[in-house]
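Throughout, read-outs are computed from the coordinates displayed, never taken from laboratory work. Computed from a predicted model, the values in this text were never measured in an experiment. No Cβ is skipped: glycine too gets one built from the backbone with ideal geometry, and neighbour counts run over all protein chains shown.
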Amino acid sequence: MVNPLLNAVNRMLMHEDFGKLLLRLAVGGLMLFHGLHKLFAGIDGISAMLIAKGIPGFIAYGVLAGEVVAPVLIILGILTRTSALIVAATMVVAWLMVAMGKTWMLDKTGAWAIESLVYFFVGALAIAFIGAGRFSVAGNSAWR
């Protein structure tokens, strides 16, 4: 009695391409908010952090690639796997720059202090492994 119900639910929800689109919209869309903030407010803070660590400040422009360009491409389904790897790499750099000391900490509400970094990192890796799916501006090409 339970098996037919489970099979019916599984058939009803078997839309892998739609699931891929939802994941792309969530990871790309939410990351884009972080990037737009930096695009409009400037990257001076990030540049200052880099300079303080002995790294040239112009490298801060890379955050725009990882938090604006790559998320837009992920949302559109263009160069999706490459863009997802760029977002994942951006999260590793963010962790190394500002959150490494928080790795084993909880925030004031009890959440993992680096929860959002990990979410974006793992979500981006998932997209890199599964690809864009059928719902992509790039259609059925290698650009997907």
For the stretch 15-130, just say rounded, prolate or oblate: build the C-alpha gyration tensor, square-root its eigenvalues into a ≥ b ≥ c, call rounded for a/c under 1.5, and beyond that prolate if a/b exceeds b/c, oblate if not. oblate
Applied in sequence order to the stretch 132-144, the curve 6.51 cos²θ - 1.76 cosθ + 1.60 (Karplus, θ = phi - 60°) yields integer Hz couplings, x standing for Gly and Pro, of 6, x, 5, 8, 9, 5, 6, x, 9, 10, 5, 6, 6
Taking Thr80, Thr109 and counting other beta carbon atoms within 10 angstrom, the fewest-first order is Thr109, Thr80
Need one number: nm distance between label points at Trp104 and Val137, each 7 Å from Cα along Cα→Cβ, rounded to one decimal. 4.4 nm
FRET efficiency (Leu6, Ala126; Cβ distance; R0 25 Å; to 0.05) is 0.55
Under 19 Å from Lys53, Cα to Cα: lysines that are on another chain or at least 8 residues apart: Lys102
Roughly how big is the chain's charge dipole about its Cα centre, with Cβ charges of +1 (Lys, Arg) and -1 (Asp, Glu), in debye to the nearest 20? 200 debye
Once you have a ≥ b ≥ c as the square roots of the Cα gyration tensor eigenvalues for the stretch 63-131, tell me rounded if a/c is under 1.5, and otherwise prolate or oblate according to whether a/b is larger than b/c. prolate
